């Protein structure tokens, strides 16, 4: 193969290599707390499909009312992949449920990598520069915070990835509307179906219509089209989109088959999701149901790369250059306004959020796209050097902090300690490391384990002779010796007398010397 062809297809080779490497890494991440719950939702809703398609008679019972509002779109996507991957995992010493859950991880990586291709395409639509588009997509794919989530996060990464894909399709259609070009049925139907698929992962996907509306407003204004004429020109297309969207949505959300209007209850439930935890933010434990307005901006400040944050300071310098062409304005304007408006609405309506920014990860690619646009129009050469530097920096960090990549903070963390200042392993990905310890250190069947993540450890440990004690029995009179494994928010849980700390699971970040402890094991004798 010639050097020219290798260079021409370098991004495609990178994507293939990326999927293989990160998928393998995802098989070595612990089972996190949401995965078991989300799998239960899938099992129940798959019974609804079975009753409808195969005339079975499964009883449909949701252990809690909110489960019926959770989406299963990702599981539909992942099912073909996990059938193959489960055959590989039979060589791992996991329980059957552990194999099933871990086999879903590579599917998250795959859909994230696909979103990277569409991210690249969006940047190319704006800049018309192939090299710049490629390196910004690599930046997006190796950004530790999102890459870390792609190793296990069933909901937020597929949701974010579909949002990126829908944004690209929206921009293609927007361009055609501006240029008065023909929009084909396949484009429109694909756009409608993927929008429905987005909502089948999280019903909060309804927020994407804010982005759609902003793009439409920009098209009308900058294409100098009369509103009435515009409505007439797209009316038939809108009906096609709406029809396919509604049919696809209800097909992918079997919970609403009996009562389609219960969708309104789903929106209400998810916006006020009952969650009593708090998220440690700059040393303050901010409660999910009573968040200050500073919560989202503070986490964006510490989670976004400093390059991204500083790029917006350049916006006044390049504003005229960016908006000198209508198509640039139609593309970049909504990418800037959409995350700003969504954050504003989340604050105004006091929507319950927790665990950093994970429930609003979908705004991060939009912020990146706006940032990269500003950097490109400021200086293509300087921005390329800076992005390449960050790619190398991110790569080093990803190696250093695996599997806790999603806990990455930007270099502002140098000004304060991370422990007791920011939320740590809120997903419990340390269960793999803990299970490995117990696998090789427990030899007596009478030595039990007490952990706030018993289930995650048990499924990966797969030792039938190892007993587990419910975490609520921590301070009861338990037969000694026994082990205590603490993760997530239980890390500071008080322990009984005569218990020795025998293992601390930790990592260091951004070349800091601070040991960030994410899990502890005690032996009580």
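The values are calculated or read from the model by the stated rules, or taken from the named source; none is laboratory data. This structure is a prediction, so every number in the text was calculated from the model and none was measured. Neighbour counts are summed over all protein chains in view; Cβ atoms, including those assigned to glycine, are modelled from backbone coordinates with ideal geometry.
If I filter the range 461-479 down to residues being assigned to a helix (DSSP H, G or I) and modelled with pLDDT of 90 or more, which single residue comes out as farthest from residue 425 (Cα to Cα)? Residue satisfying both the conditions and the ranking: 473. The set of residues in the range 100-127 that are touching a residue at least 24 places away in the same chain (Cβ under 8 Å) and more than 20 Å from residue 20 (Cα to Cα) comprises 121, 122, 123, 125, 126, 127. Of the residues making up the range 396-422, those that are over 14 Å from residue 283 (Cβ atoms) and in contact with a strand residue (DSSP E or B) (Cβ under 7 Å, 6 or more places away or on another chain) number 2. Return the only residue of 387, 360 being farther than 29 Å from residue 221 by Cβ and modelled with pLDDT of 95 or more. Within the list 387, 360, the selection yields 387. Annotation: of all residues in the range 230-259 being loosely packed, with under 12 Cβ neighbours inside 10 Å and at pLDDT below 90, the one that is nearest to residue 327 (Cα to Cα) is 259.
The residues of the range 433-451 that are in contact (Cβ under 8 Å) with a residue 60 or more places away in the chain and buried (at least 24 other Cβ atoms within 10 Å of the Cβ), listed by number, are 434, 435.
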